[in-house]
Amino acid sequence: MDYTTQASAKFRALRDKESITILAIESSCDETACAITRGREVLANVISTQIDIHKLYGGVVPEIASRQHTLAIDSVVHQAFAQANMTVTDIDAVAVTYGAGLLGALLIGVSYAKAFAYANGLPLVAVNHIQGHIAAGYIAHPELVPPYIALVVSGGHTAILDVDDYTSFTVLGRTTDDACGEAFDKVARVLGLPYPGGPNVERLAAEGEVTIRFPRPFAGSEHLNFSYSGLKTAVINHVHGLKQKDEEINAADIAASFQFAALDMLIDNAVKAAKHKGLDTISVVGGVSANGYFRKKCADVAPNLKIRFLFPPKVLSTDNAAMIGAHAYYMIKAGKGLAGLELDANAALKMHEYYSSEK
Ligand code: KG4
Ligand code: ZN
């Protein structure tokens, strides 16, 4: 039997299997990650971060990211097998992030996963990175079931989604320009903080006070979209203005004021979406959901609003492969996402899209 026939027969058979063990690979940006999952359970979660290398350049250098993935991927996969105390014979399917992200970086994971699946006669499941972030909620919260609102806040995306089902989403609101994480990274740069910007802005903000009222675009409007470009520009102009006048720059207060504005806007809109849909759960995912101030603020307003905010542990907020495995499980159960050796990376994949080989 050829690979394609064998893999699709196995894929179909998995739908009825009680426990599905998945080897998942993630390489969309600057973390090379491999996990072994079984349903919502994580048996191994290995992440090799490239932060120290990109820090030298003040941000992610795409070509360096691809090279580092090439160097790290095989050892990350071996570490995952060792952590789970498993061998390839325990694996039912291979899952990989095929978009969105840096093209060269994605291609390393996609190529590795294709070779691994082909060599071992296993079905290959193509996973959308953003849908993977949403699945981090399933690992962290065994009680979480659709429908609910997902607030996705990462370095490339900022959106409010109605999660209708495990593999079906409606986008209710999104950024019209920059992503929230991207704004954190740019503000960090303006304030002279090293990469990665988000955690460093959070650290500095904790030492400051909210003293500046930065603009909130679309505040008071009916729709649920955001804009971060205006906020980012306001912070840049504020810093430049002080420099020109030779006035003291209180970086901690600027960081605190920016963080307040950036996160307030998100919480307001997500709550509006939940009320509008009659839902009481908001699952907050993506790199920015690692922010401690964000977590505290949601916890503070939750009782009054009668909303349950769920945050994953920080290691599942930022990029990892466990979330890719968890989402692949639901894709398999829904009979979606089976990819063949033709699978290509898609840098600009939209967040509600999923892979289908049928054209
Ligand atoms: O989800 P993620 O790891 O990668 C993407 O899919 O983009 O998100 C990375 C983003 C970066 O912009 C980073 O600065 C931001 O998440 N981030 C944070 C924090 N930790 C990571 N932003 C604010 N506070 C944090 N603690
Ligand atoms: Zn991500």
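Tabulated results
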| item | result |
| --- | --- |
| Accessible solvent surface per residue of the chain, calculated while the other protein chains remain in place, 1.4 angstrom probe, Å² | 42 Å² |
| Separation in nanometres of the label points that stand 7 Å from Cα toward Cβ, at H223 and D300 | 3.0 nm |
| P(r) of the range 174-273 over all Cα-Cα pairs, binned every 5 Å from zero, in whole percent | 2, 14, 25, 25, 18, 10, 4, 1, 0 |
| Cα-projected label distance for I236 with Y3, points at 7 Å along beta-carbon direction, nm | 4.5 nm |
| Only Lys, Arg (+1) and Asp, Glu (-1) charged, at Cβ; the range 194-270 dipole about Cα centre in debye | 240 debye |
| Anchor K186: aspartates and glutamates whose Cα lies under 15 Å away (excluding residues fewer than 8 positions away in-chain) | D177, D178, E202 |
| Lysines with Cα under 19 Å of K297, excluding same-chain neighbours fewer than 8 positions away | K272, K275, K306, K314 |
| Extension gain (nm, one decimal) between D177 and I249, 0.36 nm per residue minus Cα-Cα | 23.2 nm |
| Accessible surface of K314 - all protein chains present, 1.4 Å probe, nearest 10 Å² | 110 Å² |
| Once the Cα gyration tensor of the chain is diagonalised, semi-axes √(5λ) in Å | 37, 23, 16 |
| Cα lying deepest toward the dipole's positive end in the chain, options I25, Q83, V285, charges on Cβ | V285 |
| Prolate/oblate/rounded call for the range 49-157, Cα gyration tensor, a/c under 1.5 rounded | oblate |
| The range 220-359, relative contact order in percent, only Cα pairs under 8 angstrom and at least six apart counted | 16 percent |
| Square roots of five times the Cα gyration tensor eigenvalues for the range 281-359, Å | 32, 14, 11 |
| Net charge dipole size for the range 97-197 [Lys, Arg +1 and Asp, Glu -1 on Cβ; Debye, nearest 20] | 360 debye |
| Calculated [θ] (222 nm, deg cm²/dmol) that DSSP helices of n ≥ 4 give over the chain, each run adding -39,500 (n - 2.57) | -14500 deg cm²/dmol |
| Cross-link pairs K232/K296; K296/K350; K277/K336 - those with Cα-Cα distance over 28 Å | K296/K350 |
| Cα gyration tensor shape of the range 135-201, rounded if a/c is under 1.5, else prolate or oblate by comparing a/b with b/c | oblate |
| Highest-MSF residue in the chain out of L310, L102, L279 [GNM, Cα springs under 10 Å] | L279 |
| For the range 42-85, radius of gyration divided by Kirkwood radius, i.e. Rg to Rh on alpha-carbons | 1.08 |
| Candidate lysines for bridging to K333, where Cα separation is under 20 Å - those fewer than 8 sequence places away on the same chain excluded | K10, K17 |
| Antiparallel bridges, percent of DSSP beta bridges restricted to the chain (to nearest 5) | 60 percent |
| Solvent-accessible area, 1.4 Å probe, carbon plus sulfur percent, for the chain | 53 percent |
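The values are calculated or read from the model by the stated rules, or taken from the named source; none is laboratory data. Everything quoted here is computed from the prediction, not taken from an experiment. Note: ideal-geometry Cβ built from the backbone for every residue, glycine included; neighbour counts use all protein chains shown. Side chains included, ligands, DNA and RNA excluded: accessible areas come from the protein's heavy atoms. Shrake-Rupley method; radii C 1.70, N 1.55, O 1.52, S 1.80 Å.
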